[in-house]
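A quick write-up on the structure given underneath.
The values are calculated or read from the model by the stated rules, or taken from the named source; none is laboratory data. From a predicted model like this one, the values you see are computed outputs, not experimental measurements. Note: ideal-geometry Cβ built from the backbone for every residue, glycine included; neighbour counts use all protein chains shown. These accessible areas exclude ligands, DNA and RNA; they are computed on the full protein's heavy atoms, side chains included. Shrake-Rupley method; radii C 1.70, N 1.55, O 1.52, S 1.80 Å.
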Amino acid sequence: MGTLIQQILSWYKYINEDLADPRTSDYYLIGSPWPGLGLLGFYLYFVYSFGPRFMKNRQPFNLDRILQIYDLLQIILNTCVFYQGSVKGWLTTYKFVCEPVDYSRTPDAFEIVNLCWIYFFMKILDLLDTVFFVLRKKTNQVTFLHVYHHVGMVILSWASVKYFPGGHGTFIGWINMFVHIIMYTHYLLASMKINTSSWKRHITHIQLTQFVLILFQNILLLWKKNCDYPVFIAYLLIPQNFFIILLFAEFYYKTYIKKQSDVSIKTKINDISTGKNRKLKKQ
């Protein structure tokens with residue numbers, strides 16, 4: 001038993017310390033996985049247990065002003081970090097097919113590391129989306145896709161800062177921030193009673209395009225020879241992106257194709273029924 005515990009501790013040290021980037025070991029919430037896992041555990045507990053029970057006999061909270069501040073904050077943060085990621089990497093020196101992580105201690109390298117760390121905290125901030133749904137009793141929006149995506153992005157961004165802060169994998173965060181700028185602008189305008197209903201379908205198009213590009217980028221990594229970036233990450237992300245694309249495609253079908261088809265069928269039935277009633281009245 002003692003030997004087994006020693007082996008577990010040895011593996012934990014190897015994964016948590018030996019494989020990690022030493023530059024980020026002292027960054028808040030990065031040195032150990034337990035605080036982050038505890039936060040995600042509380043998030044899931046609130047979303048699926050405590051929150052619904054707390055709201056069961058209560059009226060939905062009116063959070064319009066809080067949501068406007070939150071959406072504006074998201075727009076500002078995503079725009080700033082997206083801009084920095086553009087000028088310091090993805091629109092300047094970074095290559096789409098293969099971009100190794102710069103593990104040096106130069107100021108430029110640390111700027112990328114810090115951007116990855118800030119992005120991780122932005123993914124934690126995103127968890128408030130679900131909290132607001134629960135407090136407003138919008139339980140129909142607390143879907144498996146929504147929760148899975150939010151939890152997955154926190155874990156992925158943490159692992160990025162912990163092990164690979166920079167390089168090829170940051171494309172995920174860069175393009176994700178662009179999508180979030182559009183998405184939270186839509187949310188902000190909607191909370192201000194400005195009609196943006198036509199945006200919804202296009203935002204889903206953009207989200208699907210985002211995951212297709214990420215999938216394509218990771219597939220290209222498999223074909224690139226002698227790329228100084230861990231190929232096993234592509235093997236992890238490719239099935240993950242296939243899965244998330246399927247979930248988004250299912251959401252798109254149910255929301256925009258099946259629902260419109262059902263509405264069309266009901267309209268035809270009503271038209272037929274109305275026509276029959278008119279004939280009966282004439283008779």
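More than 21 Å from residue 32 (Cα to Cα) and of a type outside the set (A, V, I, L, M): which single residue out of 119, 148, 163 fits that description?
Sole residue among the options that is more than 21 Å from residue 32 (Cα to Cα) and of a type outside the set (A, V, I, L, M): 148.
Are any of the residues in region 265-275 farther than 19 Å from residue 146 by Cβ and at pLDDT 90 or above?
Looking through region 265-275, none of the residues is farther than 19 Å from residue 146 by Cβ and at pLDDT 90 or above.
Tell me which residues, restricted to region 190-204, are in contact with a helix residue (DSSP H, G or I) (Cβ under 8 Å, 6 or more places away or on another chain) and either in a helix (DSSP H, G or I) or of a type in the set (Asp, Glu) (or both).
191, 199, 200, 201, 203, 204
Of all residues in region 205-230, which are surrounded by 13 or more Cβ atoms within 10 Å (Cβ to Cβ) and in a loop (DSSP other than H, G, I, E, B)?
224, 227, 229, 230
For region 152-172, give me each residue that is within 20 Å of residue 130 (Cβ to Cβ) and in contact with a helix residue (DSSP H, G or I) (Cβ under 6 Å, 6 or more places away or on another chain).
153, 154, 157, 158
Test each condition in (1) at pLDDT below 95; (2) within 30 Å of residue 252 (Cβ to Cβ); (3) crowded, with 19+ Cβ neighbours inside 10 Å; (4) not acidic (Asp, Glu) for residue 149 and report the one that comes out false.
Evaluating residue 149 over (1) at pLDDT below 95; (2) within 30 Å of residue 252 (Cβ to Cβ); (3) crowded, with 19+ Cβ neighbours inside 10 Å; (4) not acidic (Asp, Glu) leaves (3) as the failure.
Suppose we filter region 156-171 for residues that are part of a helix (DSSP H, G or I) and either over 16 Å from residue 232 (Cβ atoms) or among the polar types (S, T, N, Q) (or both); how many remain? Step through it out loud before you land on a result.
Keep residues of region 156-171 that are part of a helix (DSSP H, G or I), which gives 156-163, 167-171.
Checking which are either over 16 Å from residue 232 (Cβ atoms) or among the polar types (S, T, N, Q) (or both) leaves us with 157-158, 160-161, 170-171.
Of the residues in region 156-171, 6 are part of a helix (DSSP H, G or I) and either over 16 Å from residue 232 (Cβ atoms) or among the polar types (S, T, N, Q) (or both).
For residue 130, work out the one condition from (1) closer than 24 Å to residue 91 by Cα; (2) of a type in the set (S, T, N, Q); (3) in a helix (DSSP H, G or I) it doesn't fulfil.
Of (1) closer than 24 Å to residue 91 by Cα; (2) of a type in the set (S, T, N, Q); (3) in a helix (DSSP H, G or I), only one is false for residue 130: (1).
Taking the stated definitions as given, is residue 244 modelled with pLDDT under 90, open to solvent by less than 90 Å² (accessible area, probe 1.4 Å) and under 30 Å from residue 154 (Cβ atoms)?
yes
Considering region 161-199 alone, what residues qualify as being open to solvent by less than 30 Å² (accessible area, probe 1.4 Å) and under 14 Å from the mean Cα position of the chain (by Cα)?
Matches in region 161-199: 170, 171, 172, 173, 175, 176, 177, 179, 180, 183, 184.
If residue 124 satisfies every condition in (1) at positive phi; (2) in contact (Cβ under 8 Å) with a residue 40 or more places away in the chain but one, which is the exception?
Evaluating residue 124 over (1) at positive phi; (2) in contact (Cβ under 8 Å) with a residue 40 or more places away in the chain leaves (1) as the failure.
Does residue 140 qualify as being open to solvent by 30 Å² or more (accessible area, probe 1.4 Å) and either in a loop (DSSP other than H, G, I, E, B) or touching an Asp or Glu at 6+ places or on another chain (Cβ under 9 Å) (or both)? Full working, then the answer.
Values: open to solvent by 30 Å² or more (accessible area, probe 1.4 Å): yes; either in a loop (DSSP other than H, G, I, E, B) or touching an Asp or Glu at 6+ places or on another chain (Cβ under 9 Å) (or both): no.
For residue 140, the condition - open to solvent by 30 Å² or more (accessible area, probe 1.4 Å) and either in a loop (DSSP other than H, G, I, E, B) or touching an Asp or Glu at 6+ places or on another chain (Cβ under 9 Å) (or both) - is not met.
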